[in-house]
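S.K.: Please read through the structure below; I'll follow up with questions.
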Amino acid sequence: MTKTIITLRKADLTLGSAAASVHVLKSMDLDVDAGEAVGIVGPSGSGKSTLLMVLAGLERLDSGEIVINGQALHNLSEDALADFRGRNIGIVFQSFHLIANMTALENVAVPLELANAKDPFEIARRELTAVGLGERLHHYPGQLSGGEQQRVAIARALAPSPAVLIADEPTGNLDTETGRQIADLLFSKQAERGMTMILVTHDISLAARCSRQIRVRSGEIIDDGAGAPAVQVASV
C-alpha cells in the first residue's frame, strides 16, 4: 500500500505587509506519496519556490496544515521544527550555500556533528565518495568547480538519510553538461534510496524526468499531475 508522505491542506500564505503584501499561496491542497519524484513548474512569481520553502519547513503558513512523514509541522516550535528538518528533509539550493572556510568534508560533517550524529566525519566521507568527490575531501569551496560544489551540497543533503529531498533549481547555476550530470546524480540517488524528491525548476526537460509534475500559477495549483486539473482555468 502506498504511503502518503506529504499532505498539504488549505495552505495559505501572504508575504509582506500593507500595500506591499502579496498573497503567495492560496488555499493549496497537495498529497505526495513516498518515493515519488515530483517536479514543480510554473512562471516566475507563481509561488512555486515559496511552496518549496513551506515543504522544506523554512517558511511558515499563515493558515492551513502541513504534515510530513507523519509529523504536523504547523504546530511545532522553531527549535522542534529545526530538529525535524535536520533529521527528515535534505535541501539542495541553486547557489550551493557552502561555508567558504570549511573543507568539503567539514561542510558535510559539521551539520551532522551539530545534530549529534554518530561518526559524522565517516558519514561525510562516505557520502562525498558516493557523489564522486572521494579525492576532493579536503578542498575548500573556492578550489572546486560549480558542479563539484553542488555535489558537496548534495552529499550534505543526503548525509542524514532524509525521507524527503528538496531541490530548488539545482542546475540553475551550471552549464548544460554539468547540469545534466547533477540531474543524473539526483535522480540516481533518489531511486537508489527510495526517497521522495520535490524539485522546482524552469527546465522543462528536467521536470519531465520526474514521475509527476505539479503546475502552479498565481499562488494556486492548477494541475497536481494526478489527473484532472486541480483548479479549473478559463481558456484564453
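The values are calculated or read from the model by the stated rules, or taken from the named source; none is laboratory data. Not measured: the values here are computed from a predicted model. Note: ideal-geometry Cβ built from the backbone for every residue, glycine included; neighbour counts use all protein chains shown. Side chains are part of the model used for accessible areas, which takes the heavy atoms of the whole protein and leaves out ligands, DNA and RNA. Shrake-Rupley method; radii C 1.70, N 1.55, O 1.52, S 1.80 Å.
S.K.: Given the criteria open to solvent by less than 30 Å² (accessible area, probe 1.4 Å) and closer than 20 Å to ILE68 by Cβ, does GLN190 qualify? Step through it out loud before you land on a result.
M.R.: Values: open to solvent by less than 30 Å² (accessible area, probe 1.4 Å): yes; closer than 20 Å to ILE68 by Cβ: yes.
Yes: the conditions hold for GLN190.
S.K.: Look through ASN107, ASN101 and report the one residue that is closer than 25 Å to ALA183 by Cβ and either open to solvent by less than 10 Å² (accessible area, probe 1.4 Å) or not in a helix (DSSP H, G or I) (or both).
M.R.: Unique residue meeting the criteria: ASN107.
S.K.: Could you please let me know if GLY90 is crowded, with 16+ Cβ neighbours inside 10 Å, at negative phi and of a type in the set (Gly, Ala, Ser)?
M.R.: Answer is yes for this residue.
S.K.: Take the range 110-128 and flag every residue that is open to solvent by less than 80 Å² (accessible area, probe 1.4 Å) and under 28 Å from GLU36 (Cβ atoms).
M.R.: If the condition is that a residue be open to solvent by less than 80 Å² (accessible area, probe 1.4 Å) and under 28 Å from GLU36 (Cβ atoms), then PRO111, LEU112, ALA115, ALA117, ILE123, ALA124, GLU127, LEU128 are the ones that fit.
S.K.: At least 2 residues that are polar (S, T, N, Q) in each: list the helices (runs of 4 or more DSSP H) lying fully within the range 134-224 that qualify.
M.R.: Numbers: elements: 146-158, 176-193, 204-207.
Qualifying helices (runs of 4 or more DSSP H): 146-158, 176-193.
S.K.: Can I ask one more? I'd like the full set of residues that are farther than 17 Å from LEU58 by Cβ and assigned to a loop (DSSP other than H, G, I, E, B), limited to the range 110-133.
M.R.: Those that are farther than 17 Å from LEU58 by Cβ and assigned to a loop (DSSP other than H, G, I, E, B): ASN116, ALA117, LYS118, ASP119, VAL131, GLY132, LEU133.
S.K.: Quick one: GLY39 ticks every box in (1) in contact with a Cys (Cβ under 7 Å, 6 or more places away or on another chain); (2) over 27 Å from THR178 (Cα atoms); (3) of a type in the set (Gly, Ala, Ser) except a single one, so which number is it?
M.R.: Only one criterion is unmet by GLY39, namely (2).
S.K.: Name the residues in the range 74-109 that are over 20 Å from the mean Cα position of the chain (by Cα) and either under 17 Å from HIS138 (Cα atoms) or at pLDDT 95 or above (or both), would you?
M.R.: Listed by number, the residues that qualify are ALA100, ASN101, MET102, THR103, ALA104, LEU105, GLU106.
S.K.: Can you find a residue that is touching a Leu at 6+ places or on another chain (Cβ under 7 Å) and under 22 Å from GLY35 (Cα atoms) anywhere in the range 136-152?
M.R.: Taking every residue of the range 136-152 in turn, at least one turns out to be touching a Leu at 6+ places or on another chain (Cβ under 7 Å) and under 22 Å from GLY35 (Cα atoms).
S.K.: Can you tell me how many residues within the range 141-157 are among the polar types (S, T, N, Q) and surrounded by 18 or more Cβ atoms within 10 Å (Cβ to Cβ)?
M.R.: Total meeting the criteria: 2.
S.K.: Can I ask one more? Quick check: anything in the range 88-95 over 27 Å from ALA124 (Cβ atoms) and touching a strand residue (DSSP E or B) at 6+ places or on another chain (Cβ under 7 Å)?
M.R.: The answer is no; no qualifying residue exists.
S.K.: Then there's this: Scan the range 127-144 and give yes if some residue there is touching a strand residue (DSSP E or B) at 6+ places or on another chain (Cβ under 9 Å) and within 19 Å of PRO170 (Cα to Cα), otherwise no.
M.R.: No, there is no match, as no residue in the range 127-144 is touching a strand residue (DSSP E or B) at 6+ places or on another chain (Cβ under 9 Å) and within 19 Å of PRO170 (Cα to Cα).
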